[in-house]
Each structure stands twice: as structure tokens, then as C-alpha cells.
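Below is one structure, written out as C-alpha cells, with a few remarks after it.
Derivation of every value follows stated rules applied to the coordinates shown; laboratory data play no part. Fair warning: this is a prediction, and the values are worked out from it, not measured in the lab. Cβ atoms come from the backbone with ideal geometry, glycine included; neighbour counts cover every protein chain shown.
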Amino acid sequence: MNAVLKDLYSTREVNELVSALDDARLVATLTAKPVERARPNAVGRLRIAAVAGLQDALFTADMDRMLRGASTAPTAAAPDLTVFRTWEAYLEALSESGSSPSADDLLAYVAVGYLARRDTEVRAFLRRLPGLPSTNEQPWPEQVREDIARALLSMACQGTRADLVEGNAIIDRLSAIQKDRDSQWLSSRNGSGRRDAFTLMGLYHLAQVAVRLSEYMLSGSVADASGDRRDLEPELKRLLTRAQDYLELAADPEALTWLQSVKVVAWRLYSDSIWKTAQGLYPRMNELLSALMAAGREHPIFSLMPSQQEALRESLLDPVRVCVVLQMPTSAGKTLLAEFAILQSLQSFGKDSRVLYLTPTRALATQVRRTLNSDLRDLEIAVSAAGGAFEEDPYELGLLQSADGVIVATPEKTDLLLRTHRDWFDRVRLIVVDEAHLLRDGERGVRLELLLANLRRECKDIRLLLLTPFVDNAAEIAAWLGGDRGAPINIAWRPSRLMIGLATLAGRKPRRAFEIAWREPHSERPNPQPSSLPVIADSGPLSSARDKLVYLARRFVNLGPVLGFFSASKSEPEKTAAELAEGRDLLSPQQSTPGLRLAIALAQADYGTESVLVRCLERGVAFHHAALSSELRFLIEDQVRAGTIRFITATSTLAQGMNFPVSTVLVHSVHKPRGGGDLTPGEFWNIAGRAGRVGMADKGLVVLVNHKHRAQWERYADALSDDIQSALLAVLAQASAAVSLKDAYRNYPQLRPFFQYLAHAVATLGADRARDALDELLQMSLANSQASGPLQSRQLRGLAQTYLREIAGKQTGYLKTADATGLGSFSFDSLYAAIRGDSLLQQGPGAVLANKSVGMEHLIEALHWLPELNLGIGKGEGEMDTAAVARVVQAWMDGAPVQTIAAEFPGKEANDRVRNAGVYVHSKVAMTVAWGAHAYLRGLVLTNNTVMDASTAEQQMLPAYIQYGVRTPEAAVAGLLGVPRQLAEAVGEDYRDRYGKLKPKETGRFRDHVERADRADWSRILDRSALAGRVDPGDVWQVWRQMQGLTYS
């Protein structure tokens, strides 16, 4: 660092100018008013500081040393980020003064941005420009220089392939006039022709740099004189060195300074290229890279983000590691790195090998499948999805048994497969666990913990890749699962700035204002200045947190899509969304999209044409919570990504990994429901960290709208993560003190997966071997490795020993059947007794289906005592109306819309009843009752020694019918493939018309039939569905292909 230069750019005056401009721009955007003119001397002062900072950064980077081969890349220095923010402020001040930046200014900005590793912000800024500076009539050397800068800027933009092609085209156009302009210029230069010739020779070498960079970035190599393809690096170094030699001979200091920016930009374009970083890592990698930048992709990838490059440098793909915990902030590129690991695994172990990709929800599974299929299908790598519930049927099993490539599944489905089809995992070589921080999430977290423990114990050859935002003990998690072959990779780089604010309403009418205090957790710079937003005089009292959120949302939408987060209520997001929609015009046909039109049609069919959700969607507003189907949630999320939905309100359902780009998150509340305390820092940032996604804005904003949350604001600004702690440890003391194990099992949900883990060991090893292996079984759990001392270790061991004694006398066959249900032995005992005591249930699922709600009531009566299921529909504490639950389940299978089913539910208003019904059918029915029906079929086999084979395939579909809300095998398989429930039966009818009834071994043909359906097919399907007349077949066809990843994303 040069002290003299630092005194020019790193001063209090400059920092205050940068901060003031940053705040002025934010306030102007939020109030939709022009930015106040910068102080008269601000532009000049900032330019001096920016240029001085540039000189210092370029000196520190030492490009000459790199070109001589003494280092591999320009190094980033501590002041680079400060210099970058100064250049941002200078360009902003220049714009507000009515001037436009020159190509040289923009090139310097890009160079400093690259040195500061703010690549994504640079690209976002360039894409927002109305266009690159145009070349005006000027002296020939200046025109050449400006066109070189324009070519490099076009390639730095990287919005589409056209940007890279344009970089070459700019130089081609220059070459077309070179001969005439060259001779004219040199002949006019009396006495300085030699120096001018040297200048032009240097510039022509740089023009060739641009041409070769364009070629390399598009194809991964350049052609030499003989036509052979080779890497660009030697030629790039030669061209840059020669350019410097000529410009030094020309003795032009200003051109030499400009050259340093060119060197940085050119080298970063090369070294950050996806080809340079990943080319040739393993067979077929180049095919994947070509697919990622293919023509027609909505978001092609030409360069890896710094976070992705760092992860690869940290040996993410080292085959020695059996477990890697990859920590990266939201939107920093985890999914692409997972794709690299997937391809490596499939290439290493052959085409018949499998990769499991675990996601916590079906909505996230749909998004992941879409992304993976879009990227991998050109490589002929199949991407399949399993159902979400803990149930299996012969049709889905047929698909899974024949599947290779990538299978996207929930932990629950994977747990079932491991219990019932252990041999299926013989071909699995890699398991990717998305949202791995959910290990700390209560009962579901313990279930994931012990699933991973079983996988490590039973499937020694499987590698694990855990993807998560920041946790404080990633090394501990990696060691738990991988021992000395496990490793954490901790990536701190974020794609954009992130600021967290606390809004306080100050003053009295008519001079009220929101004062927003800001913290910038990821920055070493002083915290940004507070922002003051004047309140419009007739804005109402703004007394509640919801009032404030609505007002602020209408201001912050000027920055981009806004998310309103509600931590403890489903009704509040709906009311807030409805209020935000008031006064907004209906979206025009030009603003609407196929995805939005299909979402509206699904909402109309399920919730009514005048429902709150429909009215909101028609105006570019939405809410997102557990009352919506996974397909509708996916479509809403997709429309936020598309920019069609500008406001969205949500509960924590949004927290589970969705790629959800918003510029601002407004936080209504931070406390968990049912007295669960405040959100932890990890839980808070898993939602709030979605602000400022790649390409959305130069910063992400998080604002707590309730001024009473100051303590929480300060806590979240200071603590950005927390530990993953086994949720099992939290209940050890209470469970150990319980009157009986059965009481502990009923009262402490976190304990249930632990007992099921032990029962699985007995079912697979036998009671004696499981008892002898108890120490090993306990050591495989995270809870054991995290026990705080001897007392917790003894409590854990004591519970395990007591439970093993409890089930020691049970027959192995009985325990194996119970294990396959996913229920604990206590619950299976109750279910087994209920089945034996019910003559209708003993007749099998055919009798249950034939007797409709009466038969379903018998099943619900057998299931409703099981603590895992908790099937009450809210008609009073402890009250259980089995007939009402049966009617709900039957109506769901019969295709009734949610608004009809809502009649069975309590609620003061129709919206409340619809919401309660939606939550119940999409969680309790589709997931929990389906699980119970699966357990019933397993228990039935044991009670009467029935064999479930191909002859009873349709009867075995009972759990799938309940999960997907359908009544035929074809419709159930359609639901498995992601067809919305309102279309599933019609898709099944269309298949039967062509091929006859579906057989379990024909599910592959059914999948092909649906995936290949064209517009005419969907027109035929729509005419016989609940969506007839609501949506255009072309919209359904287009959205379906996008959901399946059959078009480039």
C-alpha cells in the first residue's frame, strides 16, 4: 500500500462523501424522488480519490510479476473494497451531475471490482447501463483504445452469449477500417510518427487480446496457426507483455496506467472463466461447461463466482474426503458445485451408479430437479424425483428400481428405502444433503441425523456432501460423519452487500418519518448513515407492525421485489398481502406470464375465483405458507424469480432453501409460534439472507419494522450463525426422568427417531448383536459426540439400554415389519392390535377404498392414537372427530377442492376455514395419513400373512392415493412426476385411452408419455380436468417443460 496514495483516497472526507451518496441514492429510490445533487466539488473530489485508489490497487496487484510467471494471479489487497466503493460513489455522483462515464472510467471500475472480488456486482452494474459508451469521431489511437475498452466491457457484462460475441465484433469493425485510418493518422503526425507507431502497435496487441478472449470464453480454447486448439494463457501473457513493451517505447505514462486496468480485466476474464477453473477436472466435464453456457439458456454461466472458485481450491472434489460440509451464504453458488460433485461421482463409478440429492420439501425438490435436469440432460444423465411422504407403492418402486443418475428425494423417503430396500443403495455413491443445518430442527432434525448415521454404518462406500449456510461447528459435523476423512469448507464471500436495519416511526403528523438505523454485518467499514423516509401525510396511524410493513413495502419495492416475513402466523401474511394488493392494477397481458396464469388457475380451482390468493396473484402479489400445495408454492416462487410478483408475504415455509430472489426482506416478527422463543441467528439469517440475490441489486436490505425488536436487531447484526446441536440432547434429562419409556416416546417427539434407530439395528442385526454393538450405534449419532459430559452420555446410554431390553423379546419378523413402517415399536404395537380387532381393515385396502368414508373412518380410528401422526383437525384441545377426518381424507382422494373440504374445519371466517383446510390436507393428509396408510399395509401383511404382490398392486396404492389426492394408479404416478392434482386424473385418463391400464413395470413409459406431451395433448387433458377453460394449453405445456427441466433455465 502506498501511504501517499492512501492519503488521497482513504480519508474521513472521502468516506463521508461515499456514505452520504450511498444513503442519498437509497432514500431517493425509496421515495421515488431524484437524488439530490452532490456537493459541487463531490465529483472532482471523488474522482481524485478513485484514481488514487486505482493506482494503489494496481500497484499492489503487481500484474507485471504475474506476467513474468512469478505468481499465478493478481492478488487482492485490503484497500481494494474501499477503492471499489469509492469508484461506485464516483460513478453515481457523475450520473447525478448529468454526465456519463467514459469507457476508461468503466474499465477502471471493472478492474477495481475484480481486484476487490465483487464480480457479481460489476456484472449487475454493467447490465443496468443503458448501453456502453459509443465511439465518437476522434483521433485514431483514442478510437482504438476506446473500442478495446468497450470490447472488454461487453465481455465483462456476460448477460448472454451475445455479449461475448459482441466483444469480438467490436474489434472486427475496428479492423475493417484499420488500414485507412492507420495510414491517415501516421502521415498526419509530424515528428512523432515513431512514438505513435509504438502506441498503435501496443494497442493492436491489446485488440488481439480481446479477440482471443472472446474465442476462449465461448469455447474453452483458441486455435493456433495450424488449427490446433490450445489454452489461451501463454498467448495472453505474450500479448499483454508485448503491449506493455510497445507502450513503454512510446513513453506514454497515461497509456501505461490505462494498460494496468486492461491487464487486470483481461486476466480476470480469463482466470475466472468457467473453462479455466473447471475444464478437464474429469471426463465429460467440458460437456457440462458447454451446457451451462448454451445458446437459449435464460441465465448462462461464463465465469465462476469467487465463492465457487475458492471451494474448488479448497479441494471440494478431493476423492479422499468421504464427507464435506460446504458452508456458503445464500445465493453464493452451492448448487453448481453440487453438480460438479455429481458429475465426478457418476463419471468415477460408471453410468449405472446413483447419486441421491436430499431436499427437505417437495417444492425445493421440484426446483432442484428442474435445475439439474436442465444442466445435465445434454449429458444424458437422468434426473428423477421420489415422492415426499414415508410411503411406497409398486409403481413408484418400479421407477426407483430402474433409476440411475440423480434421484431427488426427501430424507423421509430415503429413510424408508434404507429400511425396506437396503440393496437399492449398493449403487449409490454420493449423497448431497441440501439445507443440512436442519439437523438441529427438532424431531425432523433427529430423524435426519440418525438417517445419516445409518447410511455411514450400512453403506461404507457412500460419500456425503452437506450444503448449508453458515454454522459455527462445521468441522465437528464433518468429523462426526467422516472422521479424519471429513472436512469443512468455509466460504465467507457474499454476492452482494447486506445491510440490516431497524425502523422507528418518529415525529407527529404531518411530519412523521421512518428513521432506519443500519448495520452492515459483513463489512469492516463504519456502519452506514441512518436513513430518514418522510411519511406521506394521509398514510393513516401506522400503529401496528403490519401497518408499518405495508407502508415500507410500498417504498422498498422501488428497489426490487419485497418479502414480508412473519415468524408465527399464517393469517397475518394473507391479510398483509391482501392489503398490499389493494389499489394495485390488474397485471396486463403483457406483464403476465404462463407461470402466473397457471398459478392463478390452480388457485381458482382450489380456493375459489374470488379468493384472496387469486385477487393477489392477479395484481402481482402473493403469500406463501403451508396451506398451499407444493406445485403452487413452486409457481409462486418461480414468479418472484421472474419479477412478475413484486410483493410476497411468507412464513418460515420459505426458509427451506428456495432460490428466492428479493431485494428487501421486511421482518414483521422474530418469535416462534407456541412460545418457542426468538429465532436463533441461524434461523433468522436463513430467511433474511435471501435479500440481495445475485443480479437483483447492489445490496440486500433487511429491515425489522418493529422498533421494540432493537435487542434482536443488535443480536442478529452481531451473530450471523450458530451451532448445529443435536435436538435429541435437549430432551435427554426430561426423557430419562419419565415414568415409562412409552410416556417418554409420546411426550418427547425428538426421542422417537432415536428409538426407531435402535429398533432398526435390532431388526437388521438381531437383539444380541445390537446389544453388543450398542457403543458403536451410539458413537454414530451426533448426540453422543456432542454430549456435554458424563451425565448426558449416561442418560443417552441408559435410555438405549432400557429400550433394547423393552423390545428384546419381540420376534425378528415382527420388528422388521415395524421397522419398515417408520413407526416406533410402541406405536406399531397399537396399530397391529387395532388391525387385528377390525374386521373391515383385515379385509385389506380394497375394502377400505370400496367403503369410501366409512372404510376410511375405520383406518383413521386405527391410526389416530399414534403419537407420530397427531391427526386432530382443531375442533378443541384433545378432541378427535375420526368421522370428520375420514370425510376430509375421502374428499381429498375424490378430487374435492380445498374450498369444499374447508366446511369440515373451524374458523370465524371463510378465509380461516380454507387456510386451516389447506394446511391440513397438504401436511397431515398428504404426508402423515399417507404414512399411516403405509404402516397399515405393512401391519396387514403381518396380521393375516397376506403377500402384497403384482396381483394386488392397485390396492397397494392406498397410501399414494392419499398422498396425492387421487383415486387411480395413473393419477398417483402423475402426481409423483409433479403434475398438479387438478390435472393428474385427466393425465391418467389420457394415458389409459392410448395404452390401457398402467402396470407397475410400465411406469417408465408413463413418464415418457407425460414428458413428451405437446400442446395438443395438454389441450385434450385440460378439457377433461378441473382447469378446463381456466388456462391456455400452451401455458401448461410451457410451464410443465420448465418444471421438469426440459428447457434451459
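May I ask for the equivalent-ellipsoid semi-axes of segment 285-490, computed as the square root of five times each C-alpha gyration tensor eigenvalue and listed largest first in whole Å?
24, 22, 16
At 7 Å along the Cα-to-beta-carbon direction for both Arg194 and Ala513, put a label point, then send me their distance in nm to one decimal.
6.5 nm
Report the local net charge at Cys323: Lys and Arg +1, Asp and Glu -1, summed over other residues whose C-beta lies under 12 Å from its C-beta.
Combined, the nearby Lys, Arg, Asp and Glu give +1.
Could you please report the charge total around Gly682, scoring K, R as +1 and D, E as -1 over all other residues with beta-carbon less than 10 angstrom from its beta-carbon?
After counting each charged neighbour, the total is -3.
For segment 700-822, what class follows from the C-alpha gyration tensor (a ≥ b ≥ c being the square roots of its eigenvalues): rounded when a/c is under 1.5, otherwise prolate if a/b is larger than b/c, else oblate?
Since a/c reaches 1.5 and a/b is larger than b/c, the shape of segment 700-822 is classed as prolate.
What is segment 498-718 by shape, rounded, prolate or oblate, if you read a ≥ b ≥ c off the alpha carbon gyration tensor as root eigenvalues and call it rounded for a/c under 1.5, prolate for a/b larger than b/c, and oblate otherwise?
prolate
Under 15 Å from the Cα of Lys334, which aspartates and glutamates turn up, not counting those fewer than eight places away in the same chain?
Within the straight-line limit of under 15 Å, Lys334 reaches these aspartates and glutamates: Glu310, Glu314, Asp375, Asp434, Glu435.
Taking only C-alpha pairs under 8 Å that are 6+ residues apart, what is the relative contact order of segment 672-779 in percent?
17 percent
Would you be so kind as to identify which of Gly766, Leu778, Gln734 lies farthest towards the positive end of the dipole of segment 726-803, taking Lys and Arg as +1 and Asp and Glu as -1 on Cβ and the Cα centre as origin?
It is Gln734.
Could you pull out the pairs from Lys413/Lys672; Lys672/Lys708; Lys351/Lys460; Lys33/Lys699; Lys413/Lys816; Lys351/Lys1001 whose alpha carbons sit more than 26 Å apart here?
Cα-Cα > 26 Å for Lys413/Lys672; rest within.
When only alpha-carbon atoms count, how far does segment 549-624 stretch along each of its three principal axes, as whole angstroms with the largest first?
In descending order, the Cα extents are 30, 28, 20 Å.
Taking every pair of distinct Cα atoms and averaging 1/r, then inverting, what Kirkwood hydrodynamic radius in Å comes out for the chain?
That comes to 31.3 Å for the chain.
Please find the FRET efficiency linking Ala294 to Ser571, where r is the Cβ-Cβ separation and R0 is fixed at 41 Å, and quote it to the nearest 0.05.
In this case the efficiency is close to 0.35.
Can you compute log10 of I(q)/I(0) for segment 404-531 with the Debye formula, treating each Cα as one identical point scatterer, at q = 0.18, 0.19 Å⁻¹?
Scattering profile of segment 404-531, log10 relative to I(0): -1.01, -1.09.
Mind checking the dipole of the chain: about its Cα centre, +1 per Lys or Arg Cβ, -1 per Asp or Glu Cβ, Debye to the nearest 20?
Charge dipole of the chain: 860 debye, to the nearest 20.
What full-extension length gain, to one decimal in nm, is calculated for Arg674 and Leu249 as 0.36 nm per residue of separation minus the Cα-Cα distance?
Once the chain is fully extended between Arg674 and Leu249, it gains 145.4 nm.
Tell me, which longest segment in the chain has none of the GluC sites (Glu not before Pro) that fall in DSSP loops with at most 16 further Cβ atoms within 10 Å?
611-876
Pairs of Cα atoms under 8 Å, at least six residues apart: use those to get the relative contact order of the chain, whole percent.
RCO, the chain: 11 percent.
Express as a percent, rounded to the nearest 5, the fraction of DSSP beta bridges in the chain (both residues included) that run antiparallel.
Around 25 percent of the beta bridges assigned by DSSP in the chain are antiparallel ones.
Assuming R0 = 45 Å, what is the FRET efficiency of Thr31 and Arg238, from their Cβ-Cβ distance, to the nearest 0.05?
That gives a FRET efficiency of 0.25.
Treating cross-link reach as a plain straight distance, find the aspartates and glutamates whose alpha-carbon is under 17 Å from the alpha-carbon of Lys237, omitting any fewer than eight places away in the same chain.
Candidates past the 8-residue exclusion: Asp62, Asp64, Glu215, Asp224, Asp245, Glu248, Asp272.
State the percent of C-alpha pairs, over all pairs in segment 179-218, separated by a distance greater than 10 angstrom.
73 percent
To the nearest 0.05, how large is the calculated FRET efficiency for Arg230 and Asp423 if R₀ is 41 Å and r is the Cβ-Cβ distance?
0.30
Is the shape of segment 267-309 rounded, prolate or oblate, going by the alpha carbon gyration tensor and its root eigenvalues a ≥ b ≥ c, with a/c under 1.5 for rounded and a/b larger than b/c for prolate?
The shape class here is oblate.
Please report the net charge: other residues with Cβ closer than 13 Å to the Cβ of Gly798, K and R +1, D and E -1.
Every neighbour counted, the sum reads +2.
Given an 8 Å cut-off on Cα distances and at least 6 residues of separation, report the relative contact order of segment 285-490 as a percent.
The value is 31 percent.
What length, rounded to one decimal in nm, is gained on full extension from Ser588 through to Arg1005, with 0.36 nm per residue of separation minus their alpha-carbon distance?
146.1 nm
Give the order of Ser785, Ser740, Ser271 when sorted by the count of other beta carbons within 10 angstrom, beginning with the fewest.
Ser740, Ser785, Ser271
Straight-line reach from Lys810: which lysines have Cα under 24 Å away, leaving out those fewer than 8 places along the same chain?
Lys742
Where both residues lie in segment 386-530, what percent of DSSP beta bridges are antiparallel, nearest 5?
Approximately 65 percent, going by the DSSP bridge assignments.
Among Leu498, Leu765, which comes first, then next, by fewest other beta-carbon atoms within 10 Å?
In increasing order of surrounding Cβ atoms, one gets Leu765, Leu498.
Give me Ile274, Ile477 sorted ascending by neighbouring Cβ count inside 10 Å, so fewest comes first.
Ile274, Ile477
Using θ = phi - 60° and the Karplus form 6.51 cos²θ - 1.76 cosθ + 1.60, what ³J(HN,Hα) does each residue of segment 218-231 get, whole Hz, x for Gly and Pro?
7, 10, x, 6, 10, 8, 8, 4, 8, x, 6, 8, 8, 6
By how many nm would the segment from Thr257 to Arg992 lengthen if fully extended, with 0.36 nm per residue of separation less the alpha-carbon distance?
Result for the pair: 257.3 nm of gain on full extension.
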